[in-house]
1. Residue by residue through the stretch B:47-60, note down the ones that are in contact (Cβ under 8 Å) with a residue 24 or more places away in the chain, within 12 Å of chain A (Cβ to nearest Cβ) and either in a loop (DSSP other than H, G, I, E, B) or within 24 Å of A:Lys105 (Cβ to Cβ) (or both).
2. Out of A:Gly43, A:Gly1, A:Gly57, which single residue is surrounded by fewer than 12 Cβ atoms within 10 Å (Cβ to Cβ) and over 18 Å from A:Lys109 (Cα atoms)?
3. Looking at the stretch B:1-26, which of its residues are open to solvent by less than 80 Å² (accessible area, probe 1.4 Å), assigned to a loop (DSSP other than H, G, I, E, B) and within 11 Å of another protein chain (Cβ to nearest Cβ)?
4. Are any residues in the stretch A:62-77 open to solvent by less than 50 Å² (accessible area, probe 1.4 Å) and not polar (S, T, N, Q), and if so, which ones?
5. Given the residues B:Thr55, B:Thr86, B:Thr108, which is the only one that is surrounded by 16 or more Cβ atoms within 10 Å (Cβ to Cβ), closer than 26 Å to A:Glu8 by Cβ and polar (S, T, N, Q)?
6. Can you find a residue in the stretch B:65-72 that is in contact with a Leu (Cβ under 8 Å, 6 or more places away or on another chain), open to solvent by less than 50 Å² (accessible area, probe 1.4 Å), within 11 Å of another protein chain (Cβ to nearest Cβ) and within 21 Å of B:Thr7 (Cβ to Cβ)?
7. Output the number of residues of the stretch A:95-110 satisfying the condition of being among the charged types (D, E, K, R) and either in contact with a helix residue (DSSP H, G or I) (Cβ under 9 Å, 6 or more places away or on another chain) or more than 14 Å from chain B (Cβ to nearest Cβ) (or both).
Amino acid sequence: GNSVTQMEGPVTLSEEAFLTINCTYTATGYPSLFWYVQYPGEGLQLLLKATKADDKGSNKGFEATYRKETTSFHLEKGSVQVSDSAVYFCALGNFNKFYFGSGTKLNVKP
Amino acid sequence: NAGVTQTPKFRILKIGQSMTLQCAQDMNHNYMYWYRQDPGMGLKLIYYSVGAGITDKGEVPNGYNVSRSTTEDFPLRLELAAPSQTSVYFCASRAGTSPEGYTFGSGTRLTVV
């Protein structure tokens, strides 16, 4: 079947620290992988995506690489800001459906 | 602005009442979805539709109904509301079968008391 597993939060970092949020998946076929961000009181917004193995998605300083050999799609950012505080969801898209991880809350302190 | 519009943003229902959550998109997307997000949890798929006149159940369809009479609209109906349906409901849409992500609405926060 299809599923996504994310590291549990919350993750608390100081401003300018390095961020990694782990995401692993199981899937049939050749899924696309996504990271979504949810700011307080808002819906989910697409942050980045990768559609095939070894693709790297990037946006707003965030990056994630589609690793088929380790079935992973870890989210990274070199220097986080207070404005990055949000909940981050890893997702897998396969055929007509998406499968979301449980979300990881990131708190960035000044 | 183009996107997914959900109404209402907030609603309080009494146990046993019914209501319809509205969702409309103006991007001509074929695929539309309803999710619920319980506090501190991820999203669970309630129902989805791959086009007008076609709907299918997701992970947690019990207590809900949907219809898709037009490409633009995908309302979610709650019959006989229960406290377990207290949640935030998100509607989303996607174009075709390409590996594109979803566009989400801003959500409806529902409390059943």
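The values are calculated or read from the model by the stated rules, or taken from the named source; none is laboratory data. Not measured: the values here are computed from a predicted model. Neighbour counts run over all protein chains shown; Cβ positions are idealised from the backbone, glycine included. All accessible areas refer to the heavy atoms of the entire protein, side chains included, with ligands and DNA or RNA removed. Shrake-Rupley method; radii C 1.70, N 1.55, O 1.52, S 1.80 Å.
1. So the first thing to find is which residues in the stretch B:47-60 are in contact (Cβ under 8 Å) with a residue 24 or more places away in the chain, and the list is B:47, B:49, B:58, B:60.
After this cut, where a residue has to be within 12 Å of chain A (Cβ to nearest Cβ) as well, the list is B:47, B:49, B:58.
Listed by number, the list holds a single entry, B:Gly58.
2. It is A:Gly1.
3. Hit for the stretch B:1-26 is B:Gly3, nothing else.
4. Scanning the stretch A:62-77 gives A:Phe62, A:Ala64, A:Tyr66, A:Phe73, A:Leu75, A:Lys77.
5. B:Thr86
6. Scanning the stretch B:65-72 turns up no residue that is in contact with a Leu (Cβ under 8 Å, 6 or more places away or on another chain), open to solvent by less than 50 Å² (accessible area, probe 1.4 Å), within 11 Å of another protein chain (Cβ to nearest Cβ) and within 21 Å of B:Thr7 (Cβ to Cβ).
7. Qualifying residue count, the stretch A:95-110: 1.
For (1) open to solvent by 70 Å² or more (accessible area, probe 1.4 Å); (2) in contact with a Gly (Cβ under 7 Å, 6 or more places away or on another chain); (3) more than 14 Å from A:Leu44 (Cα to Cα), each residue gets a yes or a no:
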| site | (1), (2), (3) |
| --- | --- |
| B:Tyr48 | no, yes, yes |
| B:Ala81 | no, yes, yes |
| B:Ser93 | no, no, no |
| B:Tyr102 | no, no, no |
| B:Val113 | yes, no, yes |
